[in-house]
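Below: the structure, in structure tokens.
Throughout, read-outs are computed from the coordinates displayed, never taken from laboratory work. Given the structure is predicted, the values throughout are model-derived calculations rather than measurements. Using ideal geometry, Cβ is built from the backbone for each residue, glycine included, and neighbour counts are taken over all protein chains shown.
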Amino acid sequence: MIAKSRVKVYRYNPDRDSTYRFDDFDVPLTEGMTVLDALNYIYENYDSSLSYRWNCRAGQCGSCTVMVSGKPAAACRSQMPRDGEVSIAPLLQFPVIKDLVVDLRQGISRLERTRPYVQRGKIPERPERLSQDDIEPMKELRKCLECWGCISACPVVAAAWHEFSGPTIMTKLARLALDRRDIEERVKVAFTDGVYSCTTCKTCVEVCPKSIDIPGKAIEKLRAYAVRTGLGPLEGQMAFLNSIANTGKSVDRTSTPLLETVPERIDVLNPVDRVAFFTGCLMDYRLQDTGRSIINTLRRNAVEVFVPKNQSCCASPAFRTGVTDLAEKQVKSNVEIFESLGVDKVVVGCAGCGMTLRTNFEETMRRARDEGLRFRVYDFTEYLVDELGIERLDRSGLKPVNKTFTYHAPCHLMRGQGVKDQPIKLLEKVPGLRYVQMQEYDRCCGAGGGVRTGKRPLSMMLARRKVELIRDSGAESCVTECPFCSIQIKDAAQQLGVNIEVVNVADLLAESYQ
């Protein structure tokens, strides 16, 4: 029997239809069949009125990009599922011309307004030709196909395209800002077009057919240029940055910090491993109980824990907003402290800190000494599930926690570090817990990238949408693993009058261990 897949295709002709519909087609599967192959089969065998775009079939033109089961993807590069069904719809944020064909003029006009080509002029310091060293920072950005998939995926564009021109435009502006031949003031254009509106959630990277790191290679590079020219950072971000510079922490002290209440070394009998714990600012100054939950869970599972008292901010706020001098100073200070402990594993319980250690710390140290970190960074749940081993965890005396929970996946954990299923696997071991997955469980809450501090109204627009998704899941608790996300969701829930408990994975696990 030939395997088949049910394909649901969006249909809409604005000249004739009052609303859209999805038509169902059974498509026989062949080896290596793509979504574009399925569309061609439907066109040739079922309905020749179906409208869609395609050209090169090699993933190089971007013209066949559509929404495949809710995510933008190049149809010619998306494999058909071997079982179940797939839905195919037009790109979001653009008017539909017919079926899967959208009108891209709004995006193209925005791009044309930036004059996306090298502007030359007779300025002595501008070279006529670029060296290989000049070209290297631009290479990844030049891969952009202008498929517009990132525009459809971007949560900020969805909420306020008028505030943020989007990842495609920023990629072009960054490439030109890096081109030493160009005489235009690209950073001013980027600033006006909302370069500080990006939450650096990396959804654009996830859907990009060329996997361009737009937040790292474009957004944060443009922000660093903005800082050098006096345009950035934003006024609301200055309090956190000044605090890091003056105290080593991004937030003010309001109660006894965690680091003042725990020993620098937590010994255990017959340790199975030795790790250091990077607390981060919020867990040290605001969420001390969560920090204790992490330490106690590690201790209960026979892990010896080092908690250096003189650790300080990871400088994620500085990296995200383009204040690189301050950020690199923090990196070198923290690396010296943690490498002096003689451990080869560092556990982090904050998504933003973890991503910063894994990426920015690593890159900074490679530039400084031609060698990256001398320890490996683990997220707390990743360490328990993958390194320590979930089947080896101490489950003796676990008491039931009779709650229905849903999980919010922090952007800087899931897309920033690749930690996706480990938190759920861990909580599934807790008796009594029942998991329901909300729609768009990985949708950005709006807290990251300096947007919460720099553009609070925009940030809360994104957060309110997240709270609506949590509410609609029917869960009584929302579990996450990012202190910043927790605070953001709690604030938005209060604004909307939604009664939902927001807890950290470590706290829920600790509740069962009591």
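Tabulated data
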{"read-out": "Glu440 paired with Cys56, simple spin-label distance in nm, labels 7 Å along Cα-to-beta-carbon", "value": "3.1"}
{"read-out": "Where chymotrypsin sites (Phe, Trp or Tyr not before Pro) fall in DSSP loop in the range 32-138, at most 16 other Cβ within 10 Å", "value": "Tyr46, Tyr117"}
{"read-out": "Estimated FRET transfer efficiency (Glu501, Glu428; beta-carbon r; R0 22 Å; 0.05)", "value": "0.70"}
{"read-out": "32 Å Cα-Cα threshold exceeded, pairs from Lys202/Lys329; Lys172/Lys309; Lys332/Lys425; Lys122/Lys172; Lys122/Lys143; Lys122/Lys210", "value": "Lys172/Lys309; Lys332/Lys425; Lys122/Lys210"}
{"read-out": "Descending semi-axes in whole angstrom, ellipsoid equivalent of the chain, from the Cα gyration tensor", "value": "40, 32, 21"}
{"read-out": "For the range 1-62 versus the range 480-514, the gap between their alpha-carbon centres in whole angstrom", "value": "42"}
{"read-out": "Largest-first principal axis extents of the Cα set of the range 354-481 (Å)", "value": "51, 45, 19"}
{"read-out": "For the range 88-143 and the range 285-305, distance of Cα centres in Å", "value": "47"}
{"read-out": "For the chain, calculated [θ]222 nm from helices alone, where every DSSP H run of n ≥ 4 adds -39500 (n - 2.57)", "value": "-10000 deg cm²/dmol"}
{"read-out": "Vicinal HN-Hα couplings computed from phi for the range 64-72 (Karplus, 6.51 cos²θ - 1.76 cosθ + 1.60; Hz; Gly/Pro x)", "value": "8, 5, 9, 8, 10, 6, x, 10, x"}
{"read-out": "Lys/Arg +1, Asp/Glu -1 at C-beta; the chain dipole; positive extreme among Thr279, Ser152, Thr192", "value": "Thr192"}
{"read-out": "Estimated dipole of the range 354-421 in Debye, rounded to 20 [Cβ of Lys and Arg +1, of Asp and Glu -1, Cα centre]", "value": "180"}
{"read-out": "Where trypsin sites (Lys or Arg not before Pro) fall in DSSP loop in the range 35-96, at most 10 other Cβ within 10 Å", "value": "Arg82"}
{"read-out": "DSSP bridge orientation in the range 1-140 - percent antiparallel, rounded to nearest 5", "value": "80"}
{"read-out": "The range 309-371: GluC sites (Glu not before Pro) in DSSP loop, at most 12 other beta carbons within 10 Å", "value": "Glu371"}
{"read-out": "Cα-centre dipole for the range 321-366 with unit charges at Cβ (Lys and Arg positive, Asp and Glu negative), debye to 20", "value": "100"}
{"read-out": "Counting DSSP beta bridges with both ends in the chain, the antiparallel % (nearest 5)", "value": "45"}
{"read-out": "Per-pair calculated FRET efficiency, R0 = 30 Å: Lys420 and Asp267 via Cβ, rounded to 0.05", "value": "0.35"}
{"read-out": "Extension gain, Ser109 back to Asp24 (0.36 nm per residue minus Cα-Cα distance, nm)", "value": "27.1 nm"}
{"read-out": "Size of electric dipole in the chain: Cβ of Lys, Arg +1 and of Asp, Glu -1, about Cα centre, debye, nearest 20", "value": "980"}
{"read-out": "Nearest-0.05 FRET efficiency for Asn402 and Ile135, computed from C-beta distance (R0 45 Å)", "value": "0.15"}
{"read-out": "Dipole axis of the chain (+1 Lys, Arg; -1 Asp, Glu on Cβ), positive-most option in Leu176, Pro95, His412", "value": "Leu176"}
{"read-out": "Spin-label model distance (nm) - Arg228 vs Asp344, 7 Å beyond Cα toward Cβ", "value": "3.9"}
{"read-out": "Spin-label pair Arg6/Ala368, simplified geometry with 7 Å Cα→Cβ offset, distance in nm", "value": "5.6"}
{"read-out": "Backbone HN-Hα couplings from phi across the range 27-33 [Karplus 6.51/-1.76/1.60, Hz, Gly and Pro as x]", "value": "10, x, 8, 10, 4, x, 5"}
{"read-out": "Dipole of the range 374-467, positive direction: furthest Cα of Gly449, Leu384, Gln437, with charges on the beta-carbon", "value": "Gly449"}
